[in-house]
Amino acid sequence: MAANPLNILNKYWGYDAFRPLQEDIIQSVLDGKDTLALMPTGGGKSICFQVPALAQDGICIVVSPLIALMKDQVHNLHQRDISAAAMYSGMRKRDIDITFDNCIYGN
């Protein structure tokens with residue numbers, strides 16, 4: 001059973017409501033539907049995959065070509081006590097192996 005998205009939003013981000021479209025996108029994901037969301041820069045796209053990831057069991061994998069954005073998001077999630085990791089070009093093989101191991105074994 002998925003946790004309540006609004007409760008997650010409030011607990012980790014301190015907001016009482018979603019921005020326009022976010023709730024519809026999140027509900028579509030939680031309903032198990034393939035979901036494509038096109039939003040402007042600063043429109044709150046990250047919430048649309050971070051909240052469903054926290055609402056359900058398992059791992060959420062996000063693919064992005066923007067290394068700086070990945071590092072920033074992982075840092076911000078860690079500030080909220082949310083487990084997250086990034087893998088990107090230029091990482092040492094050992095660091096990639098550790099990240100995969102942490103995903104597989106629950107860290």
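The values are calculated or read from the model by the stated rules, or taken from the named source; none is laboratory data. Note that this is a predicted model, so its numbers are computed, not measured. Methodologically, a virtual Cβ is constructed for each residue, glycine included, from the backbone with ideal geometry; neighbour enumeration extends over all protein chains shown. Protein only, heavy atoms only, side chains kept; ligands, DNA and RNA dropped before computing areas. Shrake-Rupley method; radii C 1.70, N 1.55, O 1.52, S 1.80 Å.
What residue among 30, 54, 38 has the largest mean-square fluctuation in a Gaussian network model of the chain, using Cα springs under 10 Å?
38
Along the Cα→Cβ direction, 7 angstrom out, place labels at residue 74 and residue 87. What is the inter-label distance in nm?
1.1 nm
Pulled fully out, how much extra length does the chain show between residue 35 and residue 17, if you take 0.36 nm times their separation in residues and subtract their Cα-Cα distance?
Contour length minus Cα-Cα distance gives 4.4 nm.
Please list 72-79, 44-51 highest first by mean number of surrounding beta-carbon atoms within 10 Å per residue.
44-51, 72-79
Just to confirm a number: summing +1 for Lys and Arg and -1 for Asp and Glu over residues other than residue 64 whose beta-carbon lies under 14 angstrom from that of residue 64, what do you get?
Local charge sum for residue 64: +1.
Using the Cα centre as the reference, give the magnitude of the dipole from point charges on the C-beta atoms of the chain (Lys, Arg: +1; Asp, Glu: -1; all else neutral), rounded to the nearest 20 debye.
About 320 debye.
I want the local charge near residue 73. Using Cβ-Cβ distances under 14 Å, sum +1 for each Lys or Arg and -1 for each Asp or Glu among the other residues.
That works out to +2.
Which value, in debye to the nearest 20, describes the size of the charge dipole of the stretch 1-60 about its Cα centre when Lys and Arg Cβ atoms bear +1, Asp and Glu Cβ atoms bear -1, and nothing else is charged?
The dipole magnitude comes to about 160 debye.
Rounded to the nearest 500 deg cm²/dmol, what is the calculated helix-only ellipticity per residue at 222 nm for the chain, with -39500 (n - 2.57) per DSSP H run of length n ≥ 4?
Helices in the chain give a 222 nm mean residue ellipticity of -15500 deg cm²/dmol.
Would you please put 58-65, 9-16 in order of how densely packed they are, using the mean number of other Cβ atoms within 10 angstrom per residue and starting with the highest?
Peptide ranking by packing, descending: 9-16, 58-65.
Under the definition of Cα pairs under 8 Å and six or more residues apart, what whole-number percent is the relative contact order of the chain?
23 percent
With point charges of +1 on the Cβ of Lys and Arg and -1 on the Cβ of Asp and Glu, referenced to the Cα centre of the chain, which listed residue (7, 58, 69) lies farthest in the positive direction of the dipole?
69
Please report the carbon-and-sulfur percent of the accessible area for the chain; probe 1.4 Å, protein heavy atoms only, DNA, RNA and ligands left out.
In the chain, the share of accessible area belonging to carbon and sulfur is 54 percent.
Read phi for every residue in the stretch 26-34 and hand back ³J(HN,Hα) as whole Hz from Karplus 6.51 cos²θ - 1.76 cosθ + 1.60, θ = phi - 60°, with x for Gly and Pro.
Rounded to whole hertz, the list is 4, 5, 4, 5, 5, 7, x, 8, 5.
Using the crude model of +1 on Lys and Arg Cβ and -1 on Asp and Glu Cβ, and no other charge, please compute the dipole size for the stretch 47-105 relative to its Cα centre, in debye to 20.
Value, rounded to 20: 200 debye.
Could you list, in their original order, any pairs among 45/93; 33/93; 11/71 whose Cα atoms are separated by more than 25 Å?
45/93; 33/93
For the chain, with every protein chain kept in place, what is the accessible area per residue (1.4 Å probe, Å²)?
Accessible area per residue, the chain: 73 Å².
Would you work out which of 86, 46, 28 lies farthest towards the positive end of the dipole of the stretch 13-107, given +1 charges on the beta-carbon of Lys and Arg and -1 on that of Asp and Glu, about the Cα centre?
My answer, from the dipole projection, is 86.
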